[in-house]
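The values are calculated or read from the model by the stated rules, or taken from the named source; none is laboratory data. For clarity, every value in this text was computed on a predicted model and none was experimentally measured. Cβ atoms come from the backbone with ideal geometry, glycine included; neighbour counts cover every protein chain shown.
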Ligand SMILES: [Zn+2]
């Protein structure tokens, strides 16, 4: 390897297992650090979380001939904007200028990561969430896969071809999405109206997030949906999985509660016996992290409209837990902090006091 390696660990990291995908590593997510002209060391300092930034990180910061590791591979860095990305991939922040030297160092680093952890899938940040990141690197992910494989075989980096024309695929973004119709089994790299409906209806994506592209994030959320509904968790939306979503849509959810309250709360969005609660509980607890995020957001919005001070982010966290308990106590409900049908409806039907 012809780059200089430094380790300079930061504080923005957490256990991989805390994202719900075990502790294995199976991919690399390429980022760029946005605006050109920034110094490598300043980016390192920022992402390490010691210069005011407490919110993001990466495993490596990379520029021509220089690799700084700020989070151990075995831990999760906060780079992906998605649980699966954070839990299962290694984040590399690249110099956006993308000189040949920047590129070669990236290839070499990826080779060394594959030597340690086995073959990787390659993603750009925008495979996980709506972002411009990783800029120009995105179109070259297929080329990256090829370059890493060739380096492993020959010990040499292939000539830089800018843009590449690879269709080789250890996965990642060289794949092309193909449009599918209703009635076909939906899976990774499908796109179109049924995917969008699936994302909105079954996975609870907001209009903005439901882009109709079945990418890795949708794949992970589909797996969660299947687990929650007792289906084979193969991330494919076939007849049974689609039917589980449609049933859920039409199943009457606790009509008794709704009638007695006399109000007009929106229908409780979860199946009977399920509730909004901590992410770590799994099973019947929905946190908004994996699905039903827009529903969680709807309830939070209603609570905010009632005067409670909380972030309307669609995620059940400590703040939502605390406010739910206070609200329940105030309304004479069991103050367990979990949002079931009664607590859900109370946000609309109980008088504001
Ligand atoms: Zn990024």
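For the reader, a short list of remarks on this structure follows.
- The single residue among 24, 52 that is part of a loop (DSSP other than H, G, I, E, B), away from the ligand (no atom under 15 Å from the Cβ) and under 22 Å from the mean Cα position of the chain (by Cα) turns out to be 24.
- Comparison of 67, 43, 62 shows that the only residue that is under 18 Å from residue 114 (Cα atoms), touching a strand residue (DSSP E or B) at 6+ places or on another chain (Cβ under 7 Å) and within 16 Å of the ligand (Cβ to nearest atom) is 62.
- Test: residue 79 is within 22 Å of residue 289 (Cβ to Cβ) and either within 15 Å of the ligand (Cβ to nearest atom) or in contact (Cβ under 8 Å) with a residue 60 or more places away in the chain (or both): yes
- Just one of (1) within 24 Å of residue 222 (Cα to Cα); (2) within 16 Å of the ligand (Cβ to nearest atom); (3) assigned to a loop (DSSP other than H, G, I, E, B); (4) out of contact with any helix residue (DSSP H, G or I) (no Cβ under 6 Å at 6 or more places or on another chain) fails for residue 91. It is (3).
- For segment 326-342, a residue qualifies if it is free of Cβ contacts under 8 Å to residues at least 60 places away in the same chain and part of a helix (DSSP H, G or I), and the qualifying residues are 326, 327, 328, 329, 330.
- Qualifying residue in segment 94-113 (condition: touching a strand residue (DSSP E or B) at 6+ places or on another chain (Cβ under 7 Å), assigned to a helix (DSSP H, G or I), within 20 Å of residue 33 (Cα to Cα) and free of Cβ contacts under 8 Å to residues at least 60 places away in the same chain): yes
- Within segment 172-202, tally of residues that are within 24 Å of residue 270 (Cα to Cα) and buried (at least 22 other Cβ atoms within 10 Å of the Cβ): 5
- Residues (over 19 Å from the mean Cα position of the chain (by Cα) and assigned to a loop (DSSP other than H, G, I, E, B)) located in segment 292-310: 306, 307, 308, 309, 310
- Residue 215 being buried (at least 18 other Cβ atoms within 10 Å of the Cβ), modelled with pLDDT under 85 and in contact with a helix residue (DSSP H, G or I) (Cβ under 8 Å, 6 or more places away or on another chain): yes
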